[in-house]
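No value in this document is a laboratory result; all are computed from the given coordinates. The structure displayed is predicted, hence computed values, not measured ones. Here the Cβ is made from the backbone with ideal geometry for all residues, glycine too, and neighbour counts use every protein chain on show.
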Amino acid sequence: MGTYFNPGKQSYEMAVNSEIFVDKTEMIQYLNSVVNTQQRFVSVSRPRRFGKTMAADMICSYYSREANSRDLFSERKIAKTAPVRTGNNEIPWDGMLGEFDVIRLVMTDFMDDCDSVQDMLNYLTEEVVEELRDAFPDVNFESKITLRNVLNKIYGKTGRQFVIVIDEWDAVFRTWKKDSEGQKKYLDYLRNLLKDKPYIALAYMTGILPIKKYGRHSALNMFDEYSMMNPMQLAPYTGFITEEALELTRQYGRDFESIKDWYDGYNVSDIVPPDPDHSSQKETGKVPEARRYDLYCPLSVVNAVRTGKIQNYWNKTETYEALAEYIRMDYDGLKESVALLMNGGKLHVDTSGYQNDMTTFTCRDDVLSLLVHLGYLGYDDETSEVFIPNKEILDEFRTSTRSSEWLDTFESFRISQELLKATWNKDTEKVAELIEKAHNKADNKTYNDEAALSYAIRFAYYAAQKYYTILPEADTGKGYADLILLPSPEYADKPALVIELKYNKDASGAVEQIKLRDYPDRLEHYKGNILLVGINYDKDIPNTDPKYKHHSCIIEDA
């Protein structure tokens with residue numbers, strides 16, 4: 001056994017022998033199903049504290065031919081699993097136990113004393129090749145020494161395949177954030193080492209970030225990615241699931257609801273199960289659906305059940321600056337989005353443009369996508385919405401937004417909340433007053449046309465996103481409403497809002513326009529619970545007018 005080559009079972013034994021151990025060995029049966037298939041490249045990204053290293057230790061223990069781990073795994077859940085089918089074969093739980101040589105690489109181990117990516121890669125190659133020389137003295141390495149060539153020669157001489165386990169694979173992107181050339185060199189190194197190589201039985205990479213993209217392509221496109229947004233078959237092994245957290249609270253006599261409030265909230269789904277003969281659809285009338293899991297932060301749950309103290313354990317391993325650095329970025333709407341999320345709201349996010357690194361951001365949604373992978377936000381893959389998952393993470397956001405730079409953001413959000421309540425109460429004077437305040441805080445202060453007014457009104461009603469789907473310039477069949485707010489299913493008791501804007505006209509004319517165009521008829525589902533809101537901006541009111549106020553408002557029931 002060596003440090004990198006067939007590192008043995010000691011690390012995993014330490015986990016198994018710990019006071020609290022949650023058995024995730026059933027995950028190996030899924031990995032067994034992809035060994036020596038086109039799907040043998042597995043990239044798992046999870047936040048810190050979510051058991052990435054323990055999973056890597058488990059995989060090394062199971063597959064290594066020198067680990068002698070039968071006793072260790074025969075007492076685990078995997079030993080009770082049914083065989084898995086791969087092609088024409090059925091693999092029992094121990095069918096691949098100790099069948100391969102394992103190379104375990106923790107990328108941070110090679111970075112501490114290196115000044116560049118190339119230095120790190122040279123160091124890695126030297127260290128691993130030295131152990132392989134000792135393990136295979138009969139293999140001639142006397143040609144160009146690269147790890148790829150060495151593994152290829154070993155395979156050609158012995159026929160022995162390798163399981164490559166790479167932990168903290170994305171450390172290069174987190175340490176040398178701006179070294180794009182070094183990052184590409186690193187990706188090329190991994191591609192050349194792994195892709196289409198017959199000596200690879202399984203490649204398992206784990207890190208915080210998904211695989212880095214350049215444009216819409218990746219040098220490591222042979223990998224299937226299992227992330228916090230899309231964990232697929234590995235969903236139940238991504239964190240503690242409800243049953244596991246509940247069992248721990250029972251063992252230690254802890255309050256489950258408190259544990260749930262503080263550490264639950266990462267809701268993920270696995271794949272949609274196959275239904276080749278449509279039996280499920282015939283029986284139920286519905287196509288199969290992916291199973292969903294509530295995930296708990298493992299480290300926090302372990303600390304809470306061991307100590308009996310429900311508190312923020314997240315900040316024990318990472319300072320609040322890690323979050324503050326990203327949410328203070330100057331992207332349009334980012335700070336307002338944070339205020340909404342902290343108030344319990346959800347936001348639709350387009351994740352397709354995110355480049356899977358910590359520096360390449362072009363918009364608000366890129367930053368919010370990163371926060372999902374870092375564990376600061378949950379992600380609903382059915383609605384593409386992000387949210388703050390639990391009290392522990394909310395505590396992190398509160399700590400990260402205590403500086404004075406957030407005062408204006410939270411004041412604007414407070415005004416927006418008051419505006420929404422005043423609208424529900426049909427308090428037209430209060431609505432006009434609050435829109436005046438919000439308009440003054442909007443970026444566009446020229447007020448030259450109705451487009452500027454529309455921007456200001458959408459900004460003013462920002463807090464409504466917690467309760468509504470907001471449709472600007474919505475087609476009603478007989479024209480367009482400037483703004484329609486449809487209640488989200490969980491807030492079905494709230495009234496639908498139809499908002500019409502006028503510039504230098506009058507608010508009553510805006511409401512009449514709504515009636516003439518039959519906007520409410522378009523909202524048949526909400527009949528009996530619709531408010532018509534007319535808002536006018538009068539730019540010519542002089543400052544000397546005792547009733548000086550640019551905005552006026554009329555609100556009526558539909």
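With coordinates expressed along the principal axes, the C-alpha atoms belonging to the chain extend over 96, 57, 48 Å, beginning with the largest.
Treating cross-link reach as a plain straight distance, find the lysines whose alpha-carbon is under 20 Å from the alpha-carbon of Lys515, omitting any fewer than eight places away in the same chain. Straight-distance partners of Lys515: Lys426, Lys478, Lys502, Lys505, Lys527.
Take every Cα pair under 8 Å whose residues are at least 6 apart in sequence, average their separation, divide by the length of the chain, and the relative contact order is 11 percent.
Calculate the tail of P(r) for the range 318-402: the fraction of all Cα-Cα distances greater than 23 Å, expressed in %.
Details: 391 of 3570 pairs.
In whole percent, the long-distance tail amounts to 11.
With a/c under 1.5 counting as rounded, go ahead and sort the range 292-449 into rounded, prolate or oblate using the C-alpha gyration tensor (a ≥ b ≥ c being the square roots of the eigenvalues; past the cut-off, prolate if a/b is larger than b/c, else oblate).
Numbers: a/c = 2.02, a/b = 1.63, b/c = 1.23.
Judged from the Cα gyration tensor, the range 292-449 comes out prolate (a/c at least 1.5, a/b above b/c).
Bridging of Lys178 to lysines at a Cα separation below 25 Å is possible for Lys212, Lys213, Lys335, once same-chain residues fewer than 8 apart are set aside. Once backbone amide H atoms are built at 1.01 Å from N, Met205 has Val42, Ser43, Val44, Ile166 as its partners under 5 Å, excluding neighbours fewer than 5 places away on the same chain.
The Cα-based radius of gyration and maximum Cα-Cα distance (Dmax) for the range 10-226 are 17.4, 49 Å. Residues whose amide H lies under 5 Å from that of Met96, counting only those 5 or more places away or on a different chain, are absent; hydrogens are built 1.01 Å from N in the peptide plane.
Within the chain, which DSSP H helices have Cα atoms that stretch 18 Å or more along the helix axis and a mean Kyte-Doolittle hydropathy of at least -0.5?
On the way: long enough: 117-135 (27 Å, -0.36); 180-194 (21 Å, -0.99); 407-424 (26 Å, -0.17); 428-441 (20 Å, -0.96).
Helices meeting the criterion: 117-135, 407-424.
Max-minus-min Cα coordinates of the range 150-239 on each principal axis give 40, 36, 23 Å, with the largest extent listed first. For the range 74-83, the Karplus equation 6.51 cos²θ - 1.76 cosθ + 1.60, evaluated at θ = phi - 60°, returns couplings of 5, 9, 9, 4, 4, 5, 9, 7, 6, x Hz by residue, with Gly and Pro reported as x.
Report summary: the helix-based calculation at 222 nm, which adds -39500 (n - 2.57) for every DSSP H run with n ≥ 4 and divides by the residues of the chain, gives -11500 deg cm²/dmol.
The string of couplings for the range 264-270 from the Karplus curve (6.51, -1.76, 1.60, θ = phi - 60°) is 8, x, 8, 8, 10, 10, 8 Hz, one whole number per residue in order, with x for Gly and Pro.
Neighbour counts of other Cβ atoms within 10 Å put Ile91, Ile145, Ile530, Ile259 in the fewest-to-most order Ile145, Ile91, Ile530, Ile259. Between Leu483 and Glu473, Ala474, Ile499, the built amide H atoms are under 5 Å apart, and every one of these is 5 or more places off in sequence or on another chain.
When averaged across all projection directions, what area in nm² does the alpha-carbon convex hull of the range 229-311 cover?
Working: hull surface 26.4 nm².
For the Cα atoms of the range 229-311, the hull's average projected area reads 6.6 nm².
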